[in-house]
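These notes are about the structure you will find just below.
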Amino acid sequence: MSSPLVVMKFGGSSVANADRIRRVARRIARERASGSQLVVVVSAMGDTTDELLALAAAITDDPDPRELDVLLATGEHQSATLVSMALHSIGAPAISLTGPQAGITTDGTYGKARIAGIDPRRVHAELAQGKVVIVAGFQGRSVKPLEHLDGDAPGASDVHAAEITTLGRGGSDTTAVALAAQLKADRCQIFTDVKGIYTADPRLVPDARQLPVIGYEEMMELAHQGAQVMNVRAVELGWVNDVVIEVLSSFEDAPGTEIREDPFVEQRNKVRGLAHDRNVAKVTLVAVPDQPGVARRVFDPLAASGITIDMIVQNVGHGGATDLSFTIPRVELAKAKRILEPLVRELGARELTTDSSVAKVSIVGAGIQNAPGYAARMFGTLADAGINIEMISTSEIRITTIIAEDRVEDAVRALHAQFALEVPEAAEAAAG
Ligand code: ADP
Ligand code: ASP
Ligand code: MG
């Protein structure tokens, strides 16, 4: 029988300094000694990605997306090479590869590229040599033909421009799951700074309880609503390719959480977890003319520049005008303002107002759709805590509110208690 293939991914905090890198190397060497073939994906050290973004922002408030991706990719190059060196120093054969060297190709969307394919030949060849393959996470290579300056049709002799792309924040998770799917790995392990997936961010809610298992759908929704412990796209890839994703601590040996198809989902009827997200800004176009085509003129240019619109509320019009509010990622507010300010004048709206002191708080659970009363309980809990709800949106498995950022902690704790998330299911069943 051939040895099992394991993909292990270590996040930024797990490789934050030389000591931790040596510790990660020892963990990898231990796994290798047990007979596994290993592909290891790493994130940039600690806050490196934030620091690189800050450096770019100190140079210009509108960095060229291509240059920014080349810059950001270097964070993961550093950690991959250092983990490889740490393995060499304890006698384990290893080689680091950049995303492009590992055969990862993407579309051409800088900053949020999607993986288009993986050519696994290089990785297989290195594994066949008995090496641990360390892959720099969060990046790939997009290929497009160079412009046809002479105007003739594309042909085999065309020069192709390979470009480095990055996969969006938290994208090393995606690299790991995509590699696990492509290589048909026996296990896909995401090592991080908490023991697994909890009912709420354990940094915010001391009572948060670790879940032994969570379904793909619920995990995707939690991630989408701000639980940054897993990247949304990574969970989606796991779901589509049936990769069981284990989330576990890189600091202690303890059982983690499995993200997998949840066999009990139909029988469950409760809130599974809470998520909050501070990377939110609210934008309002005050008194825009209430006419056909206005929403398109607002949202088309935002979409064209890659800004993700989340919640949208349009008030009932009065006197031919209406207020249009929506939320976007806070990090994209400056870009959105550059687009919207001239538009407000063109449309004849009264003004553009923005608020970056709001946040999103969501309850998530596959049973929510079938059971009335969750929304009322959620809103009642926030009201009792004196927290004003500015916007609401719902999906089949989620209810989301926008509230003031400085009340997030109170909101999440109150909701955690309201839905008894600290109580394990078995205990709850025994009690009731
Ligand atoms: P890494 O650097 O390993 O990728 P991240 O910082 O991206 O780690 O994600 C881990 C963090 O996610 C934890 O420290 C925790 O504060 C946060 N987090 C948010 N929601 C949850 C949750 N529901 N369960 C576990 N961790 C969560
Ligand atoms: N270093 C990147 C980030 O900070 C990717 C990752 O950590 O997954 O978002
Ligand atoms: Mg992460």
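Read-outs: derived from the displayed coordinates by stated rules, not from any lab. Note that the coordinates shown come from a computational prediction; the quantities given were computed from them, not determined experimentally. A quick note on method: Cβ atoms are made from the backbone with ideal geometry, for glycine too, and the neighbour counts reach across all protein chains shown.
Starting from the coordinates of the alpha-carbon atoms of the stretch 267-339, obtain the Kirkwood hydrodynamic radius over all distinct pairs and give the value in Å to one decimal.
By the Kirkwood definition, the hydrodynamic radius is 14.0 Å.
Compute and list, largest first, the equivalent-ellipsoid semi-axes of the stretch 176-301 from the alpha carbon gyration tensor, each √(5λ) rounded to a whole angstrom.
Listed largest to smallest, the semi-axes of the stretch 176-301 are 34, 19, 15 Å.
Over the stretch 193-240, how many percent of alpha carbon pairs lie in each 5 Å bin up to the one with the longest distance?
Once binned at 5 Å, the Cα pair distances of the stretch 193-240 give 5, 23, 32, 25, 12, 3, 1.
Hey, with R₀ at 56 Å, roughly what FRET efficiency would Ala383 and Val143 work out to, going by the Cβ-Cβ distance, to 0.05? Each step should come with its number before you reach the end.
On the way: r = 54 Å, r/R0 = 0.97.
Using R0 = 56 Å, I get an efficiency of 0.55.
Please compute one quarter of the surface area of the Cα convex hull for the chain and express it in square nanometres.
Values: hull surface 104.2 nm².
Result: 26.1 nm².
Could you tell me which of Ala80, Ala57, Ile95 has its Cα farthest along the dipole of the stretch 40-95 towards the positive end, charges placed at Cβ (Lys, Arg +1; Asp, Glu -1), taken about the Cα centre?
Ranked along the dipole, the leading option is Ile95.
Between Asn279 and Arg345, what is 0.36 nm times their sequence separation minus the Cα-Cα distance? Round to one decimal in nm.
Result for the pair: 21.0 nm of gain on full extension.
Relative to the present Cα-Cα distance, how much length would full extension add between Glu51 and Ala125 at 0.36 nm per residue of separation?
Computed gain between Glu51 and Ala125 is 23.2 nm.
Under a straight-distance cross-link criterion of Cα-Cα below 19 Å, which lysines are reachable from Lys131, leaving out those fewer than 8 residues away in the same chain?
Answer for Lys131, where 19 Å is the Cα cut-off: Lys9, Lys184, listed by chain and number.
If packing is taken as the average number of other Cβ atoms within 10 Å across a peptide's residues, how do 181-187, 167-173, 117-123 rank, most packed first?
The peptides rank, most packed first, as 167-173, 181-187, 117-123.
Projected onto the charge dipole of the chain (+1 at Lys/Arg Cβ, -1 at Asp/Glu Cβ, origin at the Cα centre), which of Leu127, Val313, Ile389 gives the Cα projection farthest towards the positive end?
The residue sitting most towards the positive pole is Leu127.
Using 0.36 nm per residue, how much length does the chain from Lys337 to Ala58 gain when fully extended, once their Cα-Cα distance is taken away?
Contour length minus the Cα-Cα distance gives 98.5 nm.
Which far-off residues, 5 or more places away or on another chain, put their amide H under 5 Å from the one on Val41, with H placed in the peptide plane?
Met8, Lys9, Phe10, Val135
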